[in-house]
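The values are calculated or read from the model by the stated rules, or taken from the named source; none is laboratory data. Just so we're clear, the structure is a prediction, and the values are computed from it rather than from any experiment. Reconstructed Cβ throughout: ideal geometry from the backbone, glycine too, with neighbour counts over all protein chains shown. Accessible surface areas use protein heavy atoms only, side chains included; no ligands, DNA or RNA. Shrake-Rupley method; radii C 1.70, N 1.55, O 1.52, S 1.80 Å.
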Amino acid sequence: MEIQTERLTLRRLQESDREAYFDMMSNPNVMNPVPTLVMSRVESDANFEKHKIADFVVSDKIILAAITKETNEFIGVAAYLTNDEGDPEIGYRLREQFWKVGYGTEIARALIDYGFEEMKYDIITADCSISNIGSVKILEKTMRFSHEYWSEEYQCFDRRYVISYLEWKNQKPTNLLR
């Protein structure tokens with residue numbers, strides 16, 4: 001599976017991504033807004049191995065590396081997950097030095113486009129902590145707010161965003177390259 005956008009390639013994790021993945025997963029500025037604890041080298045490596053082979057055939061998630069086309073640099077991850085209600089969910093996490101340049105929005109739109117066009121989803125959701133202002137801004141641009149709830153897993157209040165196939169179909173085309 002590979003998804004192309006104007007500036008990024010979303011592809012399966014590769015061994016060459018391991019160091020940058022650890023840089024992301026060990027950074028408290030990246031992990032705290034989730035909120036989740038930073039990972040040690042051992043934890044990050046184990047998580048990397050698990051996600052490198054993640055596939056809907058054997059789990060409820062697919063994790064993709066986000067790579068810049070210009071520099072071929074690992075900037076973060078993009079994901080298809082399944083939420084607590086069994087609906088498809090998108091997710092993303094970026095290394096701190098790649099924040100605030102539009103990559104999060106580009107990834108979210110690409111995942112939504114691919115989810116409807118190729119995976120044939122009827123609905124796509126995304127969840128984020130209400131205190132994760134960056135993700136809230138991204139999701140408010142790409143989806144509609146559904147509701148807030150208490151997340152037992154992360155011990156915080158989360159917001160759920162949603163977009164249906166019909167809502168997506170009535171929007172202008174986004175940034176997925178055909």
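For (1) surrounded by 14 or more Cβ atoms within 10 Å (Cβ to Cβ); (2) within 19 Å of residue 69 (Cβ to Cβ), each residue gets a yes or a no:
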position: 90; (1), (2): yes, no
position: 96; (1), (2): no, no
position: 114; (1), (2): yes, yes
position: 141; (1), (2): no, no
position: 144; (1), (2): no, no
position: 147; (1), (2): no, no
position: 150; (1), (2): no, no
position: 158; (1), (2): yes, no
position: 163; (1), (2): yes, no
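Would you check if there is a residue in segment 65-76 being outside any helix (DSSP H, G or I), hydroxyl-bearing (Ser, Thr, Tyr) and crowded, with 22+ Cβ neighbours inside 10 Å? I'd like the intermediate steps shown before the answer.
Of segment 65-76, the ones outside any helix (DSSP H, G or I) are 65-76.
Filter again for hydroxyl-bearing (Ser, Thr, Tyr), leaving 68, 71.
Of the ones still in play, those that are also crowded, with 22+ Cβ neighbours inside 10 Å are none.
There is no residue in segment 65-76 that is outside any helix (DSSP H, G or I), hydroxyl-bearing (Ser, Thr, Tyr) and crowded, with 22+ Cβ neighbours inside 10 Å.
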Query - Given (1) touching an Asp or Glu at 6+ places or on another chain (Cβ under 9 Å); (2) in a strand (DSSP E or B); (3) of a type outside the set (A, V, I, L, M); (4) touching a residue at least 24 places away in the same chain (Cβ under 8 Å), index of the condition residue 93 fails - result: (1)
Query raised in the report: Out of (1) at pLDDT 95 or above; (2) not in a helix (DSSP H, G or I), what's the single condition that is false for residue 55?
Result: (1)
Requested in this report: Check whether at least one residue in segment 17-38 is loosely packed, with under 14 Cβ neighbours inside 10 Å and among the acidic types (Asp, Glu), and report yes or no.
Outcome: yes
Query raised in the report: So which residues in segment 71-101 are out of contact with any helix residue (DSSP H, G or I) (no Cβ under 6 Å at 6 or more places or on another chain), among the basic types (Lys, Arg) and within 17 Å of residue 47 (Cβ to Cβ), if there are any at all?
Result: 93
Query - Residues within segment 123-139 that are of a type outside the set (A, V, I, L, M, F, W, C) and open to solvent by 70 Å² or more (accessible area, probe 1.4 Å), tallied - result: 2
Requested in this report: Tell me which residues, restricted to segment 2-16, are open to solvent by 30 Å² or more (accessible area, probe 1.4 Å), assigned to a loop (DSSP other than H, G, I, E, B) and either under 14 Å from residue 51 (Cα atoms) or without any contact (Cβ under 8 Å) to a residue 40 or more places away in the chain (or both).
Outcome: 14
